[in-house]
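Only one structure is covered here, and it is reproduced in the block below.
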Amino acid sequence: MGTMNEIIMGLYEIEEQAGQIMENAARKKQELTERSRKQKEDCVTELERELEGRLTILRSQLETQTEEELEAVVKKNQERITQLNERCEKNLDQIAEQMVEKITEV
């Protein structure tokens, strides 16, 4: 009968450990989600700053450039914005992958 009790106690311990692992995983996921949100906000802030700066430059150039030259500047800015967006998305994808790795390695 002693071995039956040992098996039951072993099962309880396994269950307790599994609960702790799940709690740790949930905590880590929460931390990573907050970090991911912060990085996304930082990316958006950087993009807004860059846009403000570029708009200021565009306004000052309006007086001196022809419409054709302005279109080229606008296109260049749009390409830069696209690149920044792609960089932000790539960073978020990497963060998401890191989250999955951290949660699954627990």
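The values are calculated or read from the model by the stated rules, or taken from the named source; none is laboratory data. Since the model is a prediction, treat every value here as computed from it, not as a measurement. Positions of Cβ are generated from backbone atoms using ideal geometry, with glycine treated the same way; all protein chains shown enter the neighbour counts.
Could you list all residues from segment 77-96 that are without any contact (Cβ under 8 Å) to a residue 24 or more places away in the chain and not polar (S, T, N, Q)?
Result: GLU79, GLU86, GLU89, LYS90, ASP93.
From the list LYS75, LYS102, LYS90, exactly one residue is in contact with a helix residue (DSSP H, G or I) (Cβ under 9 Å, 6 or more places away or on another chain), part of a helix (DSSP H, G or I) and not hydrophobic (A, V, I, L, M, F, W, C). Which is it?
LYS102
Would you pick out the residues in segment 35-91 that are surrounded by 11 or more Cβ atoms within 10 Å (Cβ to Cβ) and among the acidic types (Asp, Glu)?
ASP42, GLU46, GLU50, GLU69, GLU71, GLU89 - these are the residues of segment 35-91 that are surrounded by 11 or more Cβ atoms within 10 Å (Cβ to Cβ) and among the acidic types (Asp, Glu).
Given the residues MET4, MET22, which is the only one that is exposed (fewer than 13 other Cβ atoms within 10 Å of the Cβ), at pLDDT below 80 and of a type outside the set (Phe, Trp, Tyr)?
MET4
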